[in-house]
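Undergrad: This is the structure I want to talk about, given as structure tokens.
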Amino acid sequence: MSTVEAAVPGAEPRSYLQEGRGIRSWIFTLDHKRIGVLYLVSVMASFLLGGLFALLVRTELLTPQRTIMDAQTYNQMFTLHGAVMIFLFIIPGIPAVIGNFVLPLMLGAKDVAFPRLNLASWWLYVVGSLFALASILIGAVDTGWTFYTPYSTETSTAVVPMTMGAFILGFSSVFTGLNFIVTIHKLRPAGMGWFRMPLLLWALYATAIIQVLATPVLGITLILLIVERVVGVGIFDPALGGDPVLYQHFFWFYSHPAVYIMILPAMGVVSEVISVFSRKHIFGYSFIAGSSIAIAFLSFLVWGHHMFTSGQSPLANTIFSALTFSVAIPSAVKVFNWLATMFRGNIVLKTPMLWILGFIFLFGIGGLTGLFLGALATVIHVHDTYFVVSHFHYTMFGGPVMALMGALFFWWPKFFGRMYVEFWGKVSAVVVFIGFNVTFFPQFILGLRGMPRRYYNYPPEFESLHVLSTLGGYFLSIGFLIAFFTLVHAIFRGKKAAANPFGAATMEWQTSSPPPLHNFVEAPHVGDPYDLAGLVYDEASDGFRPAAKEGSS
Ligand code: HEM
Ligand SMILES: [Cu+2]
């Protein structure tokens, strides 16, 4: 447990934001909070870039023929959109931004176990991103974000710098995972046994296991692809005696567990926010904790459901289909416990809760359509159509991105010590929710009617749904701009935030907003992270304080 002395007794100590001025104090920081902010800036910049590519793709799809670009550029645009959104935005996402900032605070610790390794993981993120972005300048990749062989061995576009970028980003993910596993094992305070830990930490722990075990498989696969391209050794390319389906097995052995690197941290955020804004103890704590580990384990057993039409044997298809259904069980356990937590709760519809309610609705649709895609009879019909595109946006966007936004609005007062304008926060959540469904729901219908993904042109009967989807994409983007302006405005003009503005019982809310460099002035109290009954609203600070201690905010 770490505490610091305030310079003047009783005065608030300097915050981590005031420790050190200038860019060097940021890019060479060893402070987990500043590293969280570095990731916040870089990861959200990647989201904006990935979003720009998405809008270019959607704009091209406004008409059945050429609209703004030629077919080759279109292939490059959806590839960049997918690759940037996956490798530079959503995989680092919640673990790197929220995990880095909140995890040590939730343990009452001064920092993660390996601060230098933590800084190195951010630098690897930067270097990996630069490689990926450099490929755009050399000749953007046109293979799709999955870099399937044999085309990725043959195409003249810049596959090597892009895959080298993804390879380096993998190390950033592994190091973050390693740091979190050791921190949770070694830096839990006395009195915080495993089943007294906040559920976000269980989710980050399960995620870290996947990061450490699965990511090296992607690393090896991409290196083999680069060797085949550069040296011409036949591994995946049939023209060189290789096997392209082998590449798919390797790629999806990582990339399916990778979708749980995206969703598990999001599920952790949901557990924290749902309890606070239902003013109720979380329901089924140990089931939620256990289901995170179950999901991490099962996530390694279903990669073959991406290859139902690859010529895989009927027996393999049947096994992967059955295993895919089994993953739905621990996910459903979580959704049931979240709804049970809200049941008869005192629901407070503040901005973080709106984003999280959006998560539950959208991820619900994503999960259910995942069952359609796990059923062999259905998937044969909709594989590689817009039904699949819509499904993975409902799961990868409707889940982790909604949760990331909910997390930003929940912990923003702790990050920067300022409150945002609640009205605009709510408007942004509602606009994104409506825009999202207008963008992606029509794509289910397009897919069922046979619209293939990754097609530049399409028959005129699909035009109206594509136009609707594109208008939804613009509207959705406006929602995100409102959200970003609301958050940035808060940093410069927001009202000072209380230590515990929303009345949460996890440890980070026991220190000031923003926290001092070493996190705590007084040794924080280790208790039940969902015992909200002990907190009372304090008008003076517009925040909550422990009922016991009168007069302290
Ligand atoms: C900002 C709103 C977004 C819009 C309007 C959008 C739109 C699209 C569209 C239309 C495609 C299909 C292109 C085609 O097959 O021809 C696509 C593909 C894809 N999107 Fe998005 N998307 C958005 C956000 C996201 C987010 C947040 C993620 C991930 C976290 C994501 C991940 C992907 C991936 C992986 C692909 C597949 C690319 C490929 O086929 O190689 N998208 N997106
Ligand atoms: Cu999968």
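The values are calculated or read from the model by the stated rules, or taken from the named source; none is laboratory data. This is a predicted model, so every value here is computed, not measured. We place every Cβ from the backbone using ideal geometry, glycine too, and count neighbours over all the protein chains shown. The accessibility values were calculated without ligands, DNA or RNA, using every heavy atom of the protein model including side chains. Shrake-Rupley method; radii C 1.70, N 1.55, O 1.52, S 1.80 Å.
Undergrad: Pop out the Kirkwood hydrodynamic radius of the chain from its pairwise C-alpha distances, inverse of mean 1/r, in Å to one decimal.
TA: One decimal place: 24.1 Å for the Kirkwood radius.
Undergrad: Let me ask something else. Please state, as a whole number in µm²/s, the translational diffusion coefficient that the Stokes-Einstein equation yields for segment 453-553 at 20 °C and 1.002 mPa s, with Rh defined as the Kirkwood radius across alpha carbon pairs.
TA: 121 µm²/s
Undergrad: At 0.36 nm per residue, minus the direct Cα-Cα distance, what do H281 and T59 gain on full extension? Give it in nm, one decimal, please.
TA: The span from H281 to T59 would gain 75.3 nm if fully extended.
Undergrad: Quick one: dipole size for the chain, taken about the Cα centre, charges +1 on Lys/Arg Cβ and -1 on Asp/Glu Cβ, in debye to the nearest 20. Numbers along the way, then the final one.
TA: On the way: 29 positive and 25 negative charges, 178 e Å.
Using Cβ point charges on Lys, Arg, Asp and Glu, the chain gives about 860 debye.
Undergrad: Residue farthest toward the positive end of the dipole of the chain, with Cβ of Lys/Arg at +1 and Asp/Glu at -1: which of P514, I261, Y148?
TA: P514
Undergrad: Using a 1.4 Å probe over the heavy atoms of the protein chains, calculate the carbon and sulfur portion of the accessible area of segment 3-546 as a whole percent.
TA: On segment 3-546, the fraction of accessible area on carbon and sulfur atoms equals 71 percent.
Undergrad: Something else now. Can you pull the one-decimal nm distance between simple spin-label points at I27 and L130, each 7 Å off the Cα toward Cβ?
TA: Placing both labels 7 Å along Cα→Cβ, they lie 0.8 nm apart.
Undergrad: Sticking with this one: Among all helices in the chain defined by DSSP H, which have a length of 30 Å or more along the axis from Cα atoms plus a Kyte-Doolittle mean of at least 1.6?
TA: 199-231, 351-374
Undergrad: Along the charge dipole of the chain, Cβ charges K/R +1 and D/E -1, which of T63, Q312, W355 sits furthest on the positive end?
TA: With unit charges placed on the Cβ atoms, the residue in question is W355.
Undergrad: Now a separate question. Could you give the accessible area per residue of the chain, probe 1.4 Å, as a whole number in Å²?
TA: Averaged over the residues of the chain, the accessible area is 38 Å².
Undergrad: Pairs of lysine in the chain with Cα under 20 Å and at least 8 positions apart or on different chains: total?
TA: Lysine pair count for the chain: 17.
Undergrad: Counting only GluC sites (Glu not before Pro) that sit in a DSSP loop (anything but H, G, I, E, B) with at most 10 other Cβ atoms within 10 Å, what is the longest stretch of the chain containing none of them?
TA: Numbers: sites that count: E5, E539, E550.
Segment 6-538 is the longest.
Undergrad: Quote the relative contact order of the chain in percent (integer), defining contacts as alpha-carbon pairs under 8 Å separated by 6+ residues.
TA: 18 percent
Undergrad: Given R₀ = 35 Å, FRET efficiency for R196-K496 by Cβ-Cβ distance, to 0.05?
TA: Numbers: r = 31 Å, r/R0 = 0.90.
Rounded to the nearest 0.05, the efficiency is 0.65.
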